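Okay, structure first, notes after.
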Amino acid sequence: MKGSISHRDSFLAHIQHQLGKGSSPSIQRPAWKHQVQWETNGFASKEELVEQLKKQCQQIHTRVIEATPEEAPSALRTFMAEYGEGAVLTSSDRRFEQYGFPSMFAGLQKEGISVNSWDADDSRYENIRQAEKAKYAVVFSDYTLAESGTVVVSSHQGQGRALHFLPMMYIVCIEKSTIVPRMIQAVSAFNQLVEGGEQPKGAIHFISGPSNSADIEMNLVVGVHGPVRAVYLLIDNESGLS
């Protein structure tokens, strides 16, 4: 049973009065003279950020597939055919419909391939079971960091944490407009949403390709603790939908 807090403000005000303190002033962010966190790559064009992202992805064992909005579903289908058919689990995200993915998913189902989405109405264990048996996880990123090749994804009712870590193949649809230089821009954007009244995210994940593990002799093994392969489907949404 969910609890509630009653008379919180009056209770805290009473404590402050007993301690001889006034009400707490609102916190103001300091105005730093030097803000290198914003200046680093902050003046790069979107095309320069895309090139930086693609170059970095070569270092983190992540493949980048570029597509127009119209080409995105067929590009995803071609990739799945290349790496072998298997069950698909997607997040519940309105952008799949925006870019025309449902018809492609329906085609997979006609071929006998299981396609499901993370369902907020299902039990937590049923969603995890679906994630465990899925070969492909397909999600949209909230933001993507060009500097490190990192996708930023938040957990919510339509997208649980297990979706990012249990399937064998991790496919992230990245809208070109959401590529930012560094972590500071992504964190600031989330913060502005909260300041605007949106509820804070349950969890925010920064994922930089498949996991990398090395033994004492530095023999690198990719994908030990999660998906064995990560793929970014980069959608040039800035060109507009036809």
**OP:** Collect the residues in segment 128-144 that are farther than 15 Å from ILE184 by Cα, in contact (Cβ under 8 Å) with a residue 12 or more places away in the chain and either out of contact with any Gly (no Cβ under 7 Å at 6 or more places or on another chain) or open to solvent by less than 10 Å² (accessible area, probe 1.4 Å) (or both), keeping them in residue-number order.
**Re:** ILE128, GLN130, ALA131, GLU132, LYS133, ALA134, TYR136, ALA137, VAL138, VAL139, PHE140, SER141
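Results for (1) over 18 Å from LEU163 (Cβ atoms); (2) among the aromatic types (Phe, Trp, Tyr); (3) crowded, with 19+ Cβ neighbours inside 10 Å, shown as yes or no for each residue.
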position: SER74; (1), (2), (3): yes, no, no
position: THR78; (1), (2), (3): yes, no, no
position: GLU82; (1), (2), (3): yes, no, no
position: GLY86; (1), (2), (3): no, no, no
position: GLN98; (1), (2), (3): yes, no, no
position: SER114; (1), (2), (3): no, no, no
position: SER117; (1), (2), (3): no, no, yes
Original post:
Of all residues in segment 162-205, which are part of a helix (DSSP H, G or I), of a type in the set (Ser, Thr, Tyr) and out of contact with any helix residue (DSSP H, G or I) (no Cβ under 6 Å at 6 or more places or on another chain)?
Top reply: THR178, SER188
Original post:
Within segment 96-140, how many residues turn out to be out of contact with any Ser or Thr (no Cβ under 9 Å at 6 or more places or on another chain), of a type in the set (Phe, Trp, Tyr) and part of a helix (DSSP H, G or I)?
Top reply: 1
Original post:
Give me the pairs: first residue in segment 190-201 and touching a residue at least 12 places away in the same chain (Cβ under 8 Å), second residue hydrophobic (A, V, I, L, M, F, W, C) and assigned to a helix (DSSP H, G or I), beta-carbon distance under 8 Å, and six or more apart or on different chains, which are they?
Top reply: LYS201/PHE190
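A quick yes/no check of all residues on (1) open to solvent by 100 Å² or more (accessible area, probe 1.4 Å); (2) modelled with pLDDT of 80 or more:
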site	(1), (2)
ILE15	no, yes
GLN18	yes, no
LYS21	yes, no
SER24	no, no
ILE27	yes, no
LYS33	yes, yes
ASN41	no, no
LYS46	no, yes
VAL50	no, yes
**OP:** Filter segment 145-161 down to residues that are assigned to a strand (DSSP E or B) and over 20 Å from PRO73 (Cβ atoms) and give me whichever is most open to solvent (accessible area, probe 1.4 Å).
**Re:** HIS156
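The values are calculated or read from the model by the stated rules, or taken from the named source; none is laboratory data. This is a predicted model, so every value here is computed, not measured. Don't worry about glycine lacking a Cβ; one is built from the backbone with ideal geometry, like all the others, and counts go over all protein chains shown. Heavy atoms of the whole protein, side chains included, go into the accessibility calculation; ligands, DNA and RNA do not. Shrake-Rupley method; radii C 1.70, N 1.55, O 1.52, S 1.80 Å.
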